[in-house]
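One structure is given here, and the rest of the page talks about it.
The values are calculated or read from the model by the stated rules, or taken from the named source; none is laboratory data. Owing to the predicted nature of the structure, the values given are computational and were not obtained by experimental measurement. Neighbour counts are summed over all protein chains in view; Cβ atoms, including those assigned to glycine, are modelled from backbone coordinates with ideal geometry. Just the protein is used for accessible areas: all its heavy atoms, side chains included, with ligands, DNA and RNA removed. Shrake-Rupley method; radii C 1.70, N 1.55, O 1.52, S 1.80 Å.
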Amino acid sequence: MSGAIVVRARRVVLPDGERAAAVHVRDGVIEAVTGFDEAGDRPVTLAADEVLLPGLVDSHVHVNEPGRTEWEGFASATRAAAAGGVTTIVDMPLNSVPPTVNAKALQVKRQAAQGQLSVDVAFWGGAVPGNASQLQRLLAAGAVGVKCFLLDSGVPEFPPLDDAGLRAALTALAEVDGLLIAHCEDDDVIAAAPDPGGPRYADFLASRPGAAEETAIGRLIAAARDTGARVHVVHLADAGALPMLRAARAEGVRITVETCPHYLTFSAEEVPDGATSFKCCPPIREAVHREALWAALADGDIDLVVSDHSPCTPELKRLDVGDFASAWGGIAGLQVTLPVVWTGARARGLSLGDVVRWMSAAPAALTGLTGKGGIAVGKDADLVAFAPDERSTVGELHHRNPVTPYTGRELTGVVRRAWLHGEELVDGNAPRGRLLSRGRA
Ligand SMILES: [Zn+2]
């Protein structure tokens, strides 16, 4: 336990706005938020150019351990998160072996993570064909919700749900108000599209059209409407789906949606041919989509921004041949998510309060991690000192594998310090992150 500390700053992003404040912490929890001058004897005072933010919650991270630990792992992923101001990550149920499709597999994951965590970690379960009867038990065991794919996931041990399987999963989840998050692309639309072969980015993009996202999201909306369950669309890339999402919400369908830093930063027009570090699914689309995603964030039509950190080894990215068909689809970006999103937000006149809403409050609310997501009395003292005007260039990161399309990118905003449960995170110190469970934040 950390005893008592006070952290104060001239700019603190609080749930109701930004102002000078002192954050009083006792035993890792925020005990009070007072005026800047009511900070007691020995406060930690941030530098004049630093803003105090709540730690970010990244609800979309593929840690891949155990089973594919050479792609990433709990030690390296959480170290990268800590350096990036992300104090909570939620691990995806696939790409690790076993996939997290029952309570026993969740236990295996927790054991693998134990003792390695620089930040707090929670877990998604997985919905696959035939495991609907397991889902309530997965939630009871602590998973924050379950993920499914509506088309091939890329790994054989995590097959997709068809519409009957989707409805079976949602029916089971609705009984306990559980959440299903879905990778929304449609197999039939993609099968009818051109093949992706070769190094041309335009060919890869044409092989996974926006209509594939729209068709799958339509399937998800219909199933959510019929079952009353809560659903969430992961990594929206296609702005063409926004009107149907808006309409579904307007009629009362319980659906939320996220997008990712890479869809908000890059555009198809600027991806060099052969540059498979940019390959992800759904793909980075044209600039017109990027700008529409920003507008939807500003309007509240997109709820959150999370990394979808999904690395692999350099060999699997096929950088040697630059072939978009055979390269692994996934972008590594966990450590740079905050400055990347802030750089884009700032350029469009959006505020740090907006960024905190998308990247801390909303993901905490989605996952039911009630102790996270804001600087407020009773929440965990997970804090970040962020210098929003300092510029940097993306160099070496703590990710296990170095490949990322952000290399060399100029960014604005630097994470200077971070605290987890009121204790400052210092690289090289013993890992103190905790395993989190649904409802027991
Ligand atoms: Zn993902």
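Among the candidates 138, 166, 170, single out the residue that is in contact with a Ser or Thr (Cβ under 8 Å, 6 or more places away or on another chain), within 12 Å of residue 229 (Cβ to Cβ), in the same structural domain as residue 121 (by TED's automatic domain parsing) and more than 16 Å from the ligand (Cβ to nearest atom). Of 138, 166, 170, the one residue that is in contact with a Ser or Thr (Cβ under 8 Å, 6 or more places away or on another chain), within 12 Å of residue 229 (Cβ to Cβ), in the same structural domain as residue 121 (by TED's automatic domain parsing) and more than 16 Å from the ligand (Cβ to nearest atom) is 170.
Can you report the number of residues in the stretch 225-246 which are under 22 Å from residue 358 (Cβ atoms) and in a helix (DSSP H, G or I)? Qualifying residue count for the region: 8.
Would you say residue 332 is under 26 Å from residue 256 (Cβ atoms), among the small types (Gly, Ala, Ser) and either in the same structural domain as residue 234 (by TED's automatic domain parsing) or within 18 Å of the chain's Cα centre (by Cα) (or both)? Answer is yes for this residue. Among the residues of the stretch 408-441, the ones that are in contact (Cβ under 8 Å) with a residue 60 or more places away in the chain, surrounded by fewer than 15 Cβ atoms within 10 Å (Cβ to Cβ) and in a loop (DSSP other than H, G, I, E, B) come to 2 in all.
Every residue, every condition in (1) assigned to a helix (DSSP H, G or I); (2) exposed (fewer than 15 other Cβ atoms within 10 Å of the Cβ); (3) in contact with a Cys (Cβ under 7 Å, 6 or more places away or on another chain), yes or no:
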{"site": "130", "(1), (2), (3)": "no, yes, no"}
{"site": "134", "(1), (2), (3)": "yes, no, no"}
{"site": "137", "(1), (2), (3)": "yes, no, no"}
{"site": "143", "(1), (2), (3)": "no, no, no"}
{"site": "151", "(1), (2), (3)": "no, no, no"}
{"site": "157", "(1), (2), (3)": "no, no, no"}
{"site": "161", "(1), (2), (3)": "no, no, yes"}
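Applying the condition of being in contact (Cβ under 8 Å) with a residue 40 or more places away in the chain and of a type outside the set (Gly, Ala, Ser) to the stretch 124-148 and asking which residue is nearest to residue 73 (Cα to Cα) yields 124. Assuming residue 389 fulfils every condition listed in (1) closer than 17 Å to residue 86 by Cβ; (2) among the acidic types (Asp, Glu); (3) assigned to a strand (DSSP E or B) apart from one, which condition is it? Here residue 389 clears every test but (1). Per the listing 37, 49, the residue uniquely of a type in the set (D, E, K, R), closer than 26 Å to residue 342 by Cα, modelled with pLDDT of 95 or more and surrounded by fewer than 20 Cβ atoms within 10 Å (Cβ to Cβ) is 49. Of everything listed in (1) in contact (Cβ under 8 Å) with a residue 60 or more places away in the chain; (2) open to solvent by less than 40 Å² (accessible area, probe 1.4 Å), the single unmet condition for residue 287 is (1). Per the listing 154, 178, the residue uniquely small (Gly, Ala, Ser) and within 16 Å of the ligand (Cβ to nearest atom) is 154.
Which condition from (1) in contact with a strand residue (DSSP E or B) (Cβ under 7 Å, 6 or more places away or on another chain); (2) crowded, with 24+ Cβ neighbours inside 10 Å; (3) among the hydrophobic types (A, V, I, L, M, F, W, C) is the one that residue 385 breaks? Tallying (1) in contact with a strand residue (DSSP E or B) (Cβ under 7 Å, 6 or more places away or on another chain); (2) crowded, with 24+ Cβ neighbours inside 10 Å; (3) among the hydrophobic types (A, V, I, L, M, F, W, C), residue 385 fails exactly one: (2).
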